[in-house]
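Take a look at the structure set out below.
Each reported figure results from applying straightforward, stated rules to the coordinates on display, with no laboratory input. Fair warning: this is a prediction, and the values are worked out from it, not measured in the lab. A quick note on method: Cβ atoms are made from the backbone with ideal geometry, for glycine too, and the neighbour counts reach across all protein chains shown.
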Amino acid sequence: MKKLFLLLIAGSTAASAFAQSNTHNHGDSLLPRWVIDFNLLGGLSNQDLTTVNSAANYLGALNMNTGLLKYNNGYGLGADAQLGFFFGKKRHFGVGTGVMFMQQYGDAILNNYHAEYQSTDAAGNIFRQVVNGNDVRETIKSTNINIPLVLKYKNRFSKHWGFTADAGAIFNLQMNNAYTTHASFDYEAIYKFQKNESGGTTSVYDNTPVASANDWFITRAEFFKNNPNGNVQQYFDIKRALGYKVGEGLQPASKTGSSSYTAGSVGFLIQPSVNYFLSDNVALNLGAYYMFQPFKNNAQADYKLTTGVANYTSVTNSVTESKYQNYGINLGVRFFLGKKDRDHDGISDRKDRCPDVFGLAKFHGCPDTDGDGIPDDQDSCVLVFGLAKFHGCPDTDGDGIPNKADSCPFAAGPISLHGCPDRDGDGIIDRDDLCPDIFGLAKYHGCPDTDGDGIPDNEDKCPTLAGPASNQGCPLDSVKVIPAEPVEDNMDISTPILFDVNQTIIHESSYPLIDKAATEMKTNKNMMLTIDGHADASGLEAKNRGLSLRRANSVKSRLVSKGVNAKRVKTVGHGSSIPAATNKTHDGKEQNRRAIMHITTNRK
């Protein structure tokens, strides 16, 4: 039975895996934790009986065979009621207790009973009593009341089908045996006489295993030896009427009675079942059960099956130990009690606005994932801390446009440009403007054409004098380039260009540095420039990479506005991956918000 139980558990696990497509809608976690089980039990019953050896209790016992007591034809009927509680997130396992009532029916049979012992008749004469049992059998009804304390397992495979099993201890409260005996006995007598001092005779007990041929036998064998066709029943009745303790096929004066085991027991119960769910609150159980209970009993110290004609003591009074086993089929019903709480947040599904997600009571069961005080079911940006006026979405640059609708969420800009800045006010957002600090034209990507020669200033060698493209925008009568503003000769163009937090605007203090780089590039036509943009470690890295690239592009735009060919300038955004100082201090972060120009030579 243990193997069967383990196989059922294994089978339920396999079936559970096979039916995963349904469990997400009908799993155990969706059911209430409390259950009440009612089961009807029916099946076979068996008792392994150990009895006291009563031969020594008979005076002068000879040729004794007190028999071997066996239990046959057993069956049991009963019922149990249990209250169970299932714990854990998935609610597969639980504990339960209740009451179990069982009645077992069967026959206690004692075969080949034979006893010879010393007795005294009505006249006070000593003799040998010979007793043979006929059909020494008792029909027993055992009433058994127990308290089970079990571990419970359940697994719902689909909307209608599941598996459950109970296994644990059972504590006996009462065990009573009511019996009806079917026994009858043949009582015979053997007398031995010897002379006494007065010359008469006195009866004495013949204690030899084989009685002397000189003894007087009031027995069946002796009667039929002398009266082959006689009526032994009538003969024994006449002798019994004269005071001799003999009889043929005599039944006990009392055929019914009861006995109780004096010591309780602790056994165990296994009860696996298949469930059919009528609804989430009611399921039918069909399965098997196995119950084992050992009992101890204080058998009568002087127990004798019979001590005289028509005298009888139940065979159950000779039992010192009984091992009960019951096994069969159980049919029952399970009721699920309490409020359903699918997400285990302590708020019943009926009151939970988000019944499938663990949430907070103040939000009626809905979570606030980003902690902005706006429940997820009302938050348009559930993973990012945001503002109530924007339905939970942030406005990082504070321009009044939530990030999800802001094309430039980290730089403030007007609504007309979808939140992107336009420093020079030319209608071209800075990230698309090659000259973001100078009012320009859309056809020149935001750069001006001061002399109107069709060549934008950032590509025009003579931006204030009109000239053809063939002469790089300078008039044909002039090939002289207007010199750039003077800069310090000892200035290192690889000096970091610093930026404010989340900004790409170049401080005027860095203009001379960029202008020097522009002058050197105009002088050295083979010189190429790489601009590396950097950011501090604040914020998300993906945003930092974009910010660092825009900083590099701001420097490039300044160079182009000074006449540097954009194709000779390469920009790279490194984000916060290459810090110049620690990001744990304000000063360190300030040093990390930078762009650095590196000069290379174009070797053609």
_Tell me the angle of helix 541-561 to the major Cα principal axis of the chain, expressed in degrees between 0 and 90 and rounded to the nearest ten._
10
*Calculate, in nm to one decimal, what T320 and K159 gain on full extension: separation in residues at 0.36 nm each, minus their alpha carbon distance.*
52.8 nm
*What is the local net charge at M100, summed over the other residues whose Cβ is closer than 14 Å to its Cβ (Lys, Arg +1; Asp, Glu -1)?*
-3
*If contacts are Cα pairs under 8 angstrom and at least 6 residues apart, what is the relative contact order of region 483-601 in percent?*
36
*Inverting the mean 1/r over all pairs of different Cα atoms, compute the Kirkwood radius of the chain and quote it in Å.*
35.2
*Simple spin-label estimate for L331 and D302 in nanometres, 7 Å along Cα-Cβ*: 5.2
*Over region 53-101, how many percent of alpha carbon pairs lie in each 10 Å bin up to the one with the longest distance?*
17, 20, 16, 15, 15, 11, 6, 0
_Using alpha-carbon coordinates, inclination of helix 2-18 to the longest axis of the chain, degrees_ = 30
*Want the number for N125 to N63: 0.36 nm per residue separation, take away the alpha-carbon distance, what's left?*
20.2 nm
*Grab the other residues whose beta carbon is less than 14 angstrom from that of K239, score K and R as +1, D and E as -1, and report the net.*
-3
*Mark the label point 7 Å from the Cα of V572 along Cα→Cβ and return the residues of region 511-543 whose backbone N is within less than 13 Å of it.*
529-534
_Test of understanding: what is the full-extension gain from D215 to D280, defined as 0.36 nm times their sequence separation minus their Cα-Cα distance?_
15.0 nm
*On a 0 to 90° scale, report how tilted helix 511-523 is relative to the longest principal axis of the chain, with both axes built from alpha carbons and the result rounded to the nearest 10.*
70
*Nitroxide proxy distance, nm - points 7 Å out along Cα→Cβ at T523 and H182*: 12.9
*Return the loop-located GluC sites (Glu not before Pro) in region 172-231 (DSSP other than H, G, I, E, B) with at most 15 other Cβ atoms within 10 Å of their own Cβ; answer none if there are none.*
E197
_Listed residues I190, V282, G96: farthest to the positive end of the dipole of region 2-337 (Cβ charges)_ = V282
